[in-house]
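Scroll down for the structure; my scribbles are underneath it.
The values are calculated or read from the model by the stated rules, or taken from the named source; none is laboratory data. Not measured: the values here are computed from a predicted model. Every residue, glycine among them, receives a Cβ derived from its backbone with ideal geometry; neighbour counts consider all protein chains shown. For accessibility, only protein heavy atoms count, side chains too; no ligands or nucleic acids. Shrake-Rupley method; radii C 1.70, N 1.55, O 1.52, S 1.80 Å.
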Amino acid sequence: MQTFERYLLGANRWALILLLAAMAVIIFVNVALRYLTNASLEWAEEVARYLMIWLTFLGAGPVLRYGGHIAVENLQDALPPPAAVALRALVALLLFAFFGFMVWYGWLYMERTMFQLTPVTQIPFAYVYSAMVIGGVLLIVHLLFIVRGYALRREFAADGHFDANASASL
């Protein structure tokens, strides 16, 4: 299971790196062309927007895994330890329910938009909405890996690549 987790996290990180790099290159080239030739790529804004959507949904899982999302922790800090564990277990259940809802609703959106095409690139909108489905599944998988430590001890995953405390202080 640790091997699967390591490969999943590596693939997830590389997908994020490639999406961000592609988005940066597309926007840079478009801006450079606009100022150097007074012409721009008509598809650049649309593609960058869809890459940002994918980046957001694929990146939510690793951020969840390291505790980087915004959280209000005052209530669990004020509770006695058994009640805090119960509260975190409830939060985890609500997260699983929300992520499941997100996958289900994303699937419905995919079905409804399979024959609607994007304005410039003419690809089905379902490809854009599939980011919600894949991101939701990844959120569920990442939460499964940390839920026990989170609920029992308020622990998140840790490694040298991501510091949730440093990112939260920005």
**Prompt:** Which one is nearest to the chain's Cα centre (by Cα), of the residues in the stretch 63-87 that are within 16 Å of LEU138 (Cβ to Cβ) and open to solvent by 30 Å² or more (accessible area, probe 1.4 Å)?
**Reply:** VAL63
**Test result for MET110, assigned to a loop (DSSP other than H, G, I, E, B) and without any contact (Cβ under 8 Å) to a residue 24 or more places away in the chain** = no
**Asked** When the residues of the stretch 26-40 are filtered to those that are surrounded by 14 or more Cβ atoms within 10 Å (Cβ to Cβ) and modelled with pLDDT of 95 or more, which remaining residue is farthest from the chain's Cα centre (by Cα)?
**Response** LEU33
**Request:** Can you run down the residue pairs with Cβ atoms below 8 Å, 6 or more apart or on separate chains, where the first is in the stretch 33-44 and over 14 Å from PRO119 (Cβ atoms) and the partner is open to solvent by less than 100 Å² (accessible area, probe 1.4 Å) and part of a loop (DSSP other than H, G, I, E, B)?
**Result:** LEU33/ALA39; LEU33/SER40; LEU33/LEU41; ARG34/SER40
**Request:** Please specify each residue of the stretch 45-69 satisfying the condition of being charged (D, E, K, R) and modelled with pLDDT of 95 or more.
**Result:** GLU45, GLU46, ARG49
**Item:** Criterion violated by LEU143 - all others in (1) surrounded by fewer than 12 Cβ atoms within 10 Å (Cβ to Cβ); (2) among the aliphatic types (A, V, I, L, M); (3) touching a Phe, Trp or Tyr at 6+ places or on another chain (Cβ under 7 Å) satisfied
**Value:** (1)
